[in-house]
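Just so you know, all these numbers are worked out from the coordinates, no wet-lab data involved. For clarity, every value in this text was computed on a predicted model and none was experimentally measured. Here the Cβ positions follow ideal geometry from the backbone for every residue, glycine too, while neighbour counts run over all protein chains shown.
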Amino acid sequence: MEDLVSIIMPVYNVNLEYLKMSIDSILEQTYQNFEFIIIDDSSDSFCSNYLTTLDDPRIKYHRNSVNLGVTKSLNIGIELSKGNYIIRMDADDYSFPNRLSSQIKYISKNTATAVCGSIVRDLESNKIIYKYITHNMDELKVLMLFGNYGVPHPTAIIDRKFIVDNQIKYDDRFTSSQDYKFWIDILLKDGAIILKNKAILKYRKHQNQITSSGKNSQILNKHVIMREYQLLNSIELSDSEFSVIAHFVEGDFKCSAKELSNILDKILNESKNSQYIKYNVVKRVISRLWIFVALYKIKQKKFDMIFHKRFLAIFNIRIIVKLFRYLKTKSR
């Protein structure tokens, strides 16, 4: 008996051409035992009218009486779902025909996995959008101190029993970056989050996808989540120290190597008091981040981190080769 899968797609005033393509990519999956939960977040008539014309018994259409936003709509979708697994889908992306079959095959055989995602391809250029992640969950818990290193949200398949049993849902304080907090909550319950290196989805990048105010809100939400997680792990940075770390992981290297090194040392020392992350893993991850950023700065013809004693102390040719390959992938 095939597992029932619940696909959740929030929709709000999406271009009908994109929406139809996205919906068709789900309805035409090779794996057919699914329910397709479409949450219409109080769209205008042009969008809602189209959704109500869809005639497929697998589609479960729900319309919010008022616009609630993506986060609350996702939680509604989870409450309505009945499948063993939940799959995320955005209303303007494209899922490859074997997406469901490949993801279900993996997660059903790897029962310790709570979430599985994949790298993605750009819908227009077809180029791989690479996202670095580790399969070591102790390392991933540490990486989350510095930003969202979880799987790309639209590619996720989630073990529904795991999140229900652990009472995990999307934190509706956050209208964006909700996946960052969601991944953290799963990791804190010892759920494994795995990234597969084969694309199952094409992601649509919009030139004006996020407004200036929306972008600021997204950054603010990300920083609130990051800081809360740091505090949970007994890491208390000043506002200026946090700003350095936040900009550092976003590729904005305005601080000196010495200043950054001092803050990383503080994170390392304070992590000794955490009940969730391990000191030796924090040390290893910080070393790798330092090497990565140092190599990235070389491309900008900035060499202060390369000549810093921290780099010389952790020099490892295997890591250097690996990260150079990563930089090459990023530049494609």
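What ranking do 142, 285 get, fewest neighbouring Cβ atoms within 10 angstrom at the top? Walk me through the numbers on the way to the answer.
Details: 142 28, 285 24.
By the 10 Å Cβ count, ascending, the order reads 285, 142.
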Query - Computed lengthening from residue 136 to residue 108, 0.36 nm per intervening residue step minus Cα-Cα distance - result: 8.1 nm
Query raised in the report: What is the P(r) of the stretch 5-203, as percent of Cα-Cα pairs per 10 Å bin from 0?
Result: 9, 37, 39, 14, 1
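Please compute the contact order of the stretch 10-93 in relative form: average sequence separation of alpha-carbon pairs under 8 Å and at least six residues apart, divided by the residue count, as a percent.
Working: 100 pairs, mean separation 37.8, N = 84.
Relative contact order of the stretch 10-93: 45 percent.
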Report task. Ratio to report: Rg/Rh of the stretch 225-302, with Cα atoms as the point set and Rh obtained by the Kirkwood method; give two decimals. Result -> 0.97
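Counting only C-alpha contacts under 8 Å and six or more residues apart, can you give the relative contact order of the stretch 139-191 as a whole percent? All intermediate terms of the calculation are to be shown ahead of the outcome.
Details: 29 pairs, mean separation 19.4, N = 53.
In percent, rounded to a whole number, it is 37.
Using Cβ counts within 10 Å as a stand-in for footprinting exposure, how do 175, 53, 30 rank, fewest first?
53, 30, 175
Over the chain, what portion of Cα pair distances is larger than 34 Å, expressed as a whole percent? Intermediate results must be reported in sequence, preceding the final value.
Details: 14928 of 54946 pairs.
When every Cα pair of the chain is considered, 27 percent fall beyond 34 Å.
When a/c reaches 1.5 or more, the comparison of a/b and b/c decides; with that in mind, is the stretch 129-283 rounded, prolate or oblate per its Cα gyration tensor? Write down the numbers at each step before the final one.
Numbers: a/c = 1.61, a/b = 1.18, b/c = 1.36.
Oblate.
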Query - Simple spin-label estimate for residue 306 and residue 188 in nanometres, 7 Å along Cα-Cβ - result: 4.1
Query raised in the report: Hey, how many Å between the Cα centroid of the stretch 103-122 and the Cα centroid of the stretch 249-278?
Result: 31
Query raised in the report: Expressed as an acute angle from 0 to 90° and rounded to the nearest 10, what is the orientation of the C-alpha long axis of helix 239-249 relative to the principal long axis of the chain?
Result: 70
Query - Pairs from 72/109; 222/302; 258/283; 82/109; 189/222 whose Cα-Cα separation, in the structure shown, is over 23 Å - result: 72/109; 222/302
Query raised in the report: Non-local amide H neighbours of residue 85 (under 5 Å, H modeled in plane, Pro and chain starts lacking H): which ones?
Result: 6, 160
Query raised in the report: Label points 7 Å out from Cα along the Cβ direction at residue 247 and residue 298: separation in nm?
Result: 2.5
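Before rounding to the nearest 500, sum -39500 (n - 2.57) across all DSSP H runs of length at least 4 in the chain and divide by the residue total; then give [θ] at 222 nm in deg cm²/dmol. All intermediate terms of the calculation are to be shown ahead of the outcome.
Details: 13 runs with 153 residues, N = 332.
Counting only the DSSP helices, I get -14000 deg cm²/dmol.
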Query raised in the report: Do any of 205/278; 181/266; 141/309; 278/301 go past 29 Å between their Cα atoms, and which?
Result: 205/278; 278/301
Report summary line: Computed from the beta carbon distance with a Förster radius of 56 Å, FRET efficiency for residue 197 and residue 55 to the nearest 0.05 stands at 0.90
Report task. Consider a paramagnetic label point 7 Å from the Cα of residue 16 along Cα→Cβ; state which residues of the stretch 26-59 have an amide N under 13 Å from it. Result -> 44-54
Requested in this report: Sketch the reach of a paramagnetic label on residue 217 as a point 7 Å from Cα along Cα-to-Cβ, and name the residues of the stretch 24-67 whose backbone nitrogen lies under 14 Å away.
Outcome: 67
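Give, as a single signed number, the net charge of other residues whose beta carbon lies under 14 Å from the beta carbon of residue 61, with Lys and Arg counted +1 and Asp and Glu -1.
Local net charge: -2.
Any idea what the relative contact order of the stretch 5-203 is, in percent, if you count C-alpha pairs under 8 Å spaced at least 6 apart?
In percent, rounded to a whole number, it is 26.
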Query raised in the report: How about residue 20: which aspartates and glutamates have a C-alpha closer than 19 Å to its C-alpha, ignoring those fewer than 8 places off in the same chain?
Result: 28, 35, 40, 41, 44, 55, 56, 90, 92, 93, 122, 124
